[in-house]
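Participant: Dropping a structure here in structure tokens format, bear with me for questions.
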Amino acid sequence: MIENAFEFDQELHRMNEDELRMLLRELYLRADMAVSQGIAADRTDDFAVKVQSIFKELDEHRSRDQAEKQALEAQKTHEIHIAFGDSPLGSIKVAMGNVPGRSGRRFFTMNDYYAIGPLGDLTNKVNVQRRHLWLLERFHMSEHGRYAAQGVDELLHINQVISSIEEETRITIWYANNSHERTGLLYAMYLLRDRKSPIYIIETKDLYPQLFNTPEVQYEVRGTGEINSEKLLKMWHHCEHDEPLSSEERRQMEQEWLHLSAQPGHLRLMQDGIIQSVSEDAIDEFILQKFTEVASTRQPGEFIKSARIVGEVLGHLEQAVGDTFIEYRIRQLILQGRFDMEGMPHAMRFYSIRFAGS
């Protein structure tokens, strides 16, 4: 019997496509019946009405998406902007909203998390499935693990879109020089290896202090998603007359991808400006160190919320590994007997930890 949202989530992952369709159909029919009977009895079931409205909104959203897609396909694409994640792409869209040429401009996110998980030849469906399963096994229960719930076909769609960009389209890739976005950039360059399109890159992490830091205010960004649209627009204007990447620069990045993707490590960190592929437990000692620092301010043996430790590590690690991966490593340390746990690991805010035997 399913008793909570955590168990329901597990059951959803066990269902195949036919079972999910049957579940949704049954939910719709029962809601429709409840509303119909309620109207006949001069009363309505608020919950059933809400369920009906969810299906209605889903249909309206699909129709709107199809209309927008048809309208976009009818227009010629002269320029495409690529980013690594929904958050930076959204800010870039806003930034470019008033720049002339809007109707011929498109935006695309390579919405994978390239700092973690196996790589290999991701143009090969078998390798994409291997990567997908690796992430699914570790992150499907995470409140931020949306990537792992994506289908393999959606991940392969990234390859299709990038490698089929028309030759005359100007391509601008926005990235910060961290392990996630830099790895994504290298992969994008590999997918674009046969395209003759001019490719421009805007490296936001190093450009930010050049344009916006002052003697009084010094700020170092870790990722493009931290930068607001107004500053992204200024970055665009600063770089809009730059030269595209040369053939040699493109070849160098393609080779860098081939080398990196062949490395065995499942975690990528920046060390001295270069991406290093390391084992997935490489940040465990840092997690233990930060827990020690937080625990020193608490009563001996006190349990501390996992989310508190994740935040502490995220704030000081200076690596683009993400909170999902940090929380995964905390759960591994629990399984290894390094931490005791109190609560349920539905998500980081639902359980607390302390050193084992405290």
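Participant: For the chain, set up a Gaussian network in which alpha carbons nearer than 10 Å are linked by springs, and say which option among 273, 184, 223 fluctuates the most.
Facilitator: Comparing 273, 184, 223 in the GNM, the peak value goes to 273.
Participant: If you take every DSSP beta bridge fully contained in the chain, what fraction is antiparallel? Give it as a percent rounded to 5.
Facilitator: Values: 13 of 27 bridges.
Here the share of antiparallel DSSP bridges comes out near 50 percent.
Participant: Quick check for you: with a 1.4 Å probe and neighbouring chains kept, what is the accessible area per residue of the range 220-315, in Å²?
Facilitator: With the other protein chains kept in place, the range 220-315 gives 55 Å² per residue.
Participant: Specify the residue with the greatest mean-square fluctuation among 322, 117, 337, computed from a Gaussian network of the chain linking alpha-carbon atoms under 10 Å apart.
Facilitator: Looking only at 322, 117, 337, the largest GNM fluctuation is found for 337.
Participant: Can you give the FRET efficiency for residue 210 and residue 30, using 1/(1 + (r/R0)^6), R0 = 45 Å, r = Cβ-Cβ distance, to the nearest 0.05?
Facilitator: 0.15
Participant: Need one value: the accessible area of residue 274 in square angstrom, 1.4 angstrom probe, rounded to the nearest 10.
Facilitator: That residue has around 100 Å² of solvent-accessible surface.
Participant: Mind grabbing the accessible area of residue 288 for me, 1.4 Å probe, Å², rounded to tens?
Facilitator: Answer for residue 288: close to 10 Å² accessible.
Participant: For the range 274-322, just say rounded, prolate or oblate: build the C-alpha gyration tensor, square-root its eigenvalues into a ≥ b ≥ c, call rounded for a/c under 1.5, and beyond that prolate if a/b exceeds b/c, oblate if not. Working shown, then result.
Facilitator: Values: a/c = 2.84, a/b = 2.29, b/c = 1.24.
The shape class here is prolate.
Participant: With a 1.4 Å probe and every protein chain left in place, tell me how much accessible area residue 329 has, in Å² to the nearest 10.
Facilitator: Looks like 10 Å² after rounding.
Participant: Roughly speaking, to the nearest percent, how much of the chain's 1.4 Å accessible area is carbon and sulfur?
Facilitator: Ligands and nucleic acids excluded, carbon and sulfur reach 51 percent.
Participant: Let me ask another. Which order, highest average first, do 82-91, 246-255 follow once you tally other Cβ atoms within 10 Å for each residue and take the mean per peptide?
Facilitator: Taking the mean over residues of other Cβ atoms within 10 Å, the ranking is 82-91, 246-255.
Participant: Then there's this: Could you give me the ³J(HN,Hα) list for the range 251-262, computed from phi with Karplus coefficients 6.51, -1.76, 1.60 and θ = phi - 60°, whole Hz, x at Gly and Pro?
Facilitator: 4, 4, 5, 4, 5, 4, 4, 4, 5, 5, 5, 8
The values are calculated or read from the model by the stated rules, or taken from the named source; none is laboratory data. Just so you know, these numbers come straight off a predicted model, no measurement behind them. Glycine gets a Cβ as well: all are built from the backbone with ideal geometry, and neighbour counts include every protein chain shown. These accessible areas exclude ligands, DNA and RNA; they are computed on the full protein's heavy atoms, side chains included. Shrake-Rupley method; radii C 1.70, N 1.55, O 1.52, S 1.80 Å.
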